[in-house]
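Data first, discussion second: the structure below is written as structure tokens.
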Amino acid sequence: MKRKKHPDPPGSSLLSSMQIPADLSYREAILTFFGGRELYVENYQKILTYEPCCIRILTRRGRVRIEGSRLTIAYYSGEEMKITGQMQTITFEA
């Protein structure tokens, strides 16, 4: 069975030749994890769920689910946020 090839976004060859990282050119989400207690999320779109045991975030490529205990959003802006607490799992949902 042949797999369908997803077309490259418009202008991707130009951005590639200019060596611009995908996170900047397509506003890809960036997750930076420090141990099991801090997570920085950049380029997110929306907070979907915010509970002490689960935080769900919408990104351009889907949803990110963070599960654990005592989860809090220490700060957030329109482009980035810092989540603290005891994190157990991070799941990417398409």
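Residues that are surrounded by 14 or more Cβ atoms within 10 Å (Cβ to Cβ) and among the hydroxyl-bearing types (Ser, Thr, Tyr) were ranked within region 51-76; the one that is nearest to Glu93 (Cα to Cα) is Thr59. Of all residue pairs spaced 6 or more apart or on separate chains, those with beta-carbon atoms under 8 Å, a first member in region 78-94 that is at pLDDT 95 or above and small (Gly, Ala, Ser) and a second member that is assigned to a loop (DSSP other than H, G, I, E, B) and surrounded by 12 or more Cβ atoms within 10 Å (Cβ to Cβ) are Gly85/Arg37. Of the residues making up region 45-74, those that are closer than 18 Å to Gly35 by Cα and either touching a helix residue (DSSP H, G or I) at 6+ places or on another chain (Cβ under 8 Å) or basic (Lys, Arg) (or both) are Arg65, Arg70. Taken over region 77-94, the criterion of being more than 12 Å from Leu31 (Cα to Cα), out of contact with any Gly (no Cβ under 7 Å at 6 or more places or on another chain) and surrounded by 15 or more Cβ atoms within 10 Å (Cβ to Cβ) is satisfied by Thr84 alone.
The values are calculated or read from the model by the stated rules, or taken from the named source; none is laboratory data. All of these numbers come straight from a predicted model, not from anything done at the bench. Note that we place each Cβ from the backbone using ideal geometry, even for glycine, and neighbour counts take in every protein chain shown.
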